[in-house]
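A.B. asks: Dumping the structure here so I can ask a few things about it.
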Amino acid sequence: MTRPPGPKGQFLLGSLLPFARDPGNFLLEIARQYGDVVYMRVLHNHYYLLNNPDDIREVLVNQADKFRKSQLDYDILSRFLGNGLLTSEGSHHRRQRRLAQPAFHSKRIQAYGETMVAYTENLLAEWQDAQVRDVAADMMRLTMQIVSKTLFDADAVTSKGNAAATIGEAIHTFQDVSNHAYLRGFTLPAWLPTQDNRRAKTALAHYNHHLEQIIAQRRAASVNGEVADKGDLLSMLMLAQDEDGSAMSDQQLRDEVATLFAAGHETTSNALTWAWYALSQTPGAAAPLYDEVDTVLRGRAPTLADLPNLPYTLMVIKETMRLYPPAWILSARTAQEDVTIGQTAIPKGSHVTIAPYALHRLPKYFPDPEQFRPERFTPEREKLIPKYGYLPFGGGPRVCIGNSFALMEAHLIMATIAQRYRLHLVPGQEVKMAMQITLSPANGLKMRLEPRRKATHSLDEADPIAISSPQFHAVPISA
């Protein structure tokens, strides 16, 4: 069988070292050099990197039943997240998705708009003119507060010992430990007393304690077995019933809540952080944003009714997720049988990889791909992007269930902050990408706050310029 072209790699390690050293650039370089399908070996594993939207559609949609999440991904992620939407497969995944879907109905999501703006206003009350802030930390704390309130009611989470912060710390420990496992290429038995296992055990105990306590409190507060709808996502998950009348067990609720909390704050906070970075480096792209929020909002807090009148703000968010997709690489899929994708034969047991970070920077889909140009996402131009050529939330049956929530949250937060402050990157800091489960700044992002008391920018300022790409840092893992 003739394999597609790709890097030769070393005799035993294959392409492990260049991938681990600089994952984003490595995948981007081989995508540009070898084309639509790239073969590479990492240790004893055979990978096929797909860079053609039609081929990606085959894997994510048309022939999705012939692929499963790789065993390594499952072993690492399930230890912390259990068998939730991110890790489950087959009929169990379809059932859980069906039960969780009503919680993300558009009317339900829209009810959280005021909460998102209120917490953003609380953050802005802490900011001071000319102050230097770690914007990455601020965005992380903000989105954690929002997801705590909307997922399971912040009062229940923060009543004792700031449990939201404890849960957040546990998630970061999980990411760090997972990184090491991905770098090794295998998981160690949980009973081995390694440093990572001890850290993971402690983090998991804290995570489980708080989540199980929240679920137990809701059960205890039910009347005649009927759970009260407190207006949060947990209520909807507990009230959801399948076609046969069955509901989620407490273990299933724990797994879904764990997954939604872990995924629901870090992805949005990273997207917002990179947006502030991109805007600070591209004044011509930032000017229309400030003009738009000034014209539409005139100094007041945004509401859901304002969002259709803030299209450029949303374009900024979408362009940010093109250059800096929070899920920079999707979980590898393992072929369960011999499969043909386009003109490529994928043998059983081989892995298919899709990397939005590389895909979004291919010139044939995005001209001048290194430049930050929000106007790529005008309604007319967005229609020209191949459907599976832009994947900030994945695609197919496993597309992120919270994509509408995340976009609305980022839209409202950006509009709220942009009319009050312009953020400038503090000179001299080294901005690095940490390619972990999500794509984040490795060492935070220090920015100086410039108050905006009046509109000073016009739409006629300079055209967007290319942003200097941050250096890569940390080890790669699948998202």
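The values are calculated or read from the model by the stated rules, or taken from the named source; none is laboratory data. Keep in mind it's a predicted model, so treat the numbers as computed, not measured. Glycine also receives a Cβ, built like all others from the backbone with ideal geometry; neighbour counts cover every protein chain displayed.
A.B. asks: Counting only residues that are under 12 Å from residue 320 (Cα atoms) and in contact with a strand residue (DSSP E or B) (Cβ under 6 Å, 6 or more places away or on another chain), how many does segment 365-415 have?
C.D. replies: Number satisfying all stated conditions: 2.
Conditions (1) within 19 Å of the chain's Cα centre (by Cα); (2) among the acidic types (Asp, Glu); (3) surrounded by fewer than 19 Cβ atoms within 10 Å (Cβ to Cβ); (4) at pLDDT below 95, marked per residue:
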position	(1), (2), (3), (4)
80	yes, no, no, yes
84	yes, no, no, yes
101	yes, no, yes, yes
127	no, no, yes, no
155	no, yes, yes, yes
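A.B. asks: On to the next question. Can you name every residue in segment 326-367 that is among the aliphatic types (A, V, I, L, M) and in a strand (DSSP E or B)? Working first, answer last.
C.D. replies: First pass over segment 326-367, keeping only residues among the aliphatic types (A, V, I, L, M): 327, 329-330, 332, 335, 339, 341, 345-346, 352, 354-355, 358-359, 362.
Within segment 326-367, 335, 339, 341, 345, 346, 352 qualify.
A.B. asks: Cβ-Cβ distance below 8 Å, separation of 6 or more or different chains: which pairs start in segment 293-306 with a residue that is within 11 Å of residue 415 (Cβ to Cβ) and in a loop (DSSP other than H, G, I, E, B) and end on one that is modelled with pLDDT of 95 or more and of a type in the set (D, E, K, R)?
C.D. replies: Here the result reads 301/121, each pair linking segment 293-306 to a residue that is modelled with pLDDT of 95 or more and of a type in the set (D, E, K, R).
A.B. asks: Give the residues of segment 29-43 that are of a type outside the set (Asp, Glu) and either surrounded by 21 or more Cβ atoms within 10 Å (Cβ to Cβ) or within 20 Å of residue 350 (Cβ to Cβ) (or both), sorted by residue number. Even if it seems obvious, please write down each step before you answer.
C.D. replies: Quick first cut of segment 29-43, residues of a type outside the set (Asp, Glu) only: 30-35, 37-43.
Those that are of a type outside the set (Asp, Glu) and either surrounded by 21 or more Cβ atoms within 10 Å (Cβ to Cβ) or within 20 Å of residue 350 (Cβ to Cβ) (or both): 30, 31, 34, 35, 37, 38, 39, 40, 41, 42, 43.
A.B. asks: State which residue pairs qualify: first residue more than 26 Å from residue 382 (Cβ to Cβ) and without any contact (Cβ under 8 Å) to a residue 40 or more places away in the chain and inside segment 318-347, second residue assigned to a loop (DSSP other than H, G, I, E, B) and not β-branched (Val, Ile, Thr) in any location, beta carbons under 7 Å apart, and separation of 6 or more residues or different chains.
C.D. replies: 338/347; 338/348
A.B. asks: Among (1) closer than 22 Å to residue 343 by Cβ; (2) more than 25 Å from the chain's Cα centre (by Cα); (3) touching a residue at least 24 places away in the same chain (Cβ under 8 Å), which single condition is residue 2 missing?
C.D. replies: Among (1) closer than 22 Å to residue 343 by Cβ; (2) more than 25 Å from the chain's Cα centre (by Cα); (3) touching a residue at least 24 places away in the same chain (Cβ under 8 Å), the lone unmet condition for residue 2 is (3).
A.B. asks: Quick check on segment 51-73: of everything there that is within 30 Å of residue 189 (Cβ to Cβ) and buried (at least 20 other Cβ atoms within 10 Å of the Cβ), which residue is farthest from the chain's Cα centre (by Cα)?
C.D. replies: Of segment 51-73, the ones within 30 Å of residue 189 (Cβ to Cβ) are 67-73.
With buried (at least 20 other Cβ atoms within 10 Å of the Cβ) added as a condition, the list becomes 67, 69, 72-73.
Numbers: 67: 22, 69: 18, 72: 20, 73: 16 Å.
Going through the qualifying residues, I end up with 67.
A.B. asks: Give me the pairs, please: first residue somewhere in segment 231-248 and farther than 15 Å from residue 151 by Cα, second residue anywhere and of a type in the set (A, V, I, L, M) and part of a loop (DSSP other than H, G, I, E, B), beta-carbon distance under 7 Å, and either six or more positions apart or on two chains.
C.D. replies: 241/247; 247/240; 248/240
A.B. asks: Go through segment 246-276 residue by residue and tally those that are out of contact with any helix residue (DSSP H, G or I) (no Cβ under 8 Å at 6 or more places or on another chain) and at pLDDT 95 or above. Quick ask: steps written out before the conclusion?
C.D. replies: If we filter segment 246-276 for residues that are out of contact with any helix residue (DSSP H, G or I) (no Cβ under 8 Å at 6 or more places or on another chain), which is where we start, we get 246, 249, 251, 263.
Subsequent filtering for residues that are at pLDDT 95 or above retains none.
Qualifying residue count, segment 246-276: 0.
A.B. asks: Let me ask another. Which residues, counting only those in segment 21-40, are out of contact with any helix residue (DSSP H, G or I) (no Cβ under 6 Å at 6 or more places or on another chain) and at pLDDT below 95? Steps first, please.
C.D. replies: So the first thing to find is which residues in segment 21-40 are out of contact with any helix residue (DSSP H, G or I) (no Cβ under 6 Å at 6 or more places or on another chain), and the list is 21-23, 25, 29-30, 32-37, 39-40.
Passing the criteria: 21, 22, 23, 25.
A.B. asks: Of everything in segment 44-92, what is under 15 Å from residue 344 (Cβ atoms) and among the aromatic types (Phe, Trp, Tyr)? Give them in sequence order.
C.D. replies: Within segment 44-92, the first condition is being under 15 Å from residue 344 (Cβ atoms), and the residues that meet it are 46-59, 62-63, 66-67.
Answer for segment 44-92, where residues must be under 15 Å from residue 344 (Cβ atoms) and among the aromatic types (Phe, Trp, Tyr): 47, 48, 67.
A.B. asks: If you check 322, 333, which single one turns out to be surrounded by 23 or more Cβ atoms within 10 Å (Cβ to Cβ) and within 16 Å of the chain's Cα centre (by Cα)? Let's see the steps before the verdict.
C.D. replies: Values: 333 fails: within 16 Å of the chain's Cα centre (by Cα).
Result: 322 is the single residue among 322, 333 that is surrounded by 23 or more Cβ atoms within 10 Å (Cβ to Cβ) and within 16 Å of the chain's Cα centre (by Cα).
A.B. asks: Now, a different point. Going through segment 41-59 one residue at a time, which ones are in contact with a helix residue (DSSP H, G or I) (Cβ under 7 Å, 6 or more places away or on another chain), modelled with pLDDT of 95 or more and not polar (S, T, N, Q)?
C.D. replies: Taking segment 41-59 first, the residues in contact with a helix residue (DSSP H, G or I) (Cβ under 7 Å, 6 or more places away or on another chain) are 42-43, 49-51, 53, 56-57.
Next cut, modelled with pLDDT of 95 or more only: 49-51, 53, 56-57.
49, 50, 53, 56, 57 - these are the residues of segment 41-59 that are in contact with a helix residue (DSSP H, G or I) (Cβ under 7 Å, 6 or more places away or on another chain), modelled with pLDDT of 95 or more and not polar (S, T, N, Q).
A.B. asks: Which one of the conditions (1) part of a helix (DSSP H, G or I); (2) under 18 Å from residue 331 (Cβ atoms); (3) touching a Pro at 6+ places or on another chain (Cβ under 6 Å) does residue 92 fail to meet, given that it meets all the rest?
C.D. replies: Among (1) part of a helix (DSSP H, G or I); (2) under 18 Å from residue 331 (Cβ atoms); (3) touching a Pro at 6+ places or on another chain (Cβ under 6 Å), residue 92 violates only (3).
A.B. asks: Working only within segment 318-352, note down all residues that are of a type in the set (Ser, Thr, Tyr) and under 13 Å from residue 66 (Cα atoms).
C.D. replies: Filtering segment 318-352 for residues of a type in the set (Ser, Thr, Tyr) gives 320, 324, 331, 334, 340, 344, 350.
Scanning segment 318-352 gives 334, 340, 350.
A.B. asks: Could you name every one of the helices (runs of 4 or more DSSP H) located completely within segment 106-153 that has at least 3 residues being in contact with a Phe, Trp or Tyr (Cβ under 8 Å, 6 or more places away or on another chain) and within 21 Å of residue 275 (Cβ to Cβ)? Working first, answer last.
C.D. replies: Working: elements: 106-110, 113-126, 135-152.
Answer list for segment 106-153: 135-152.
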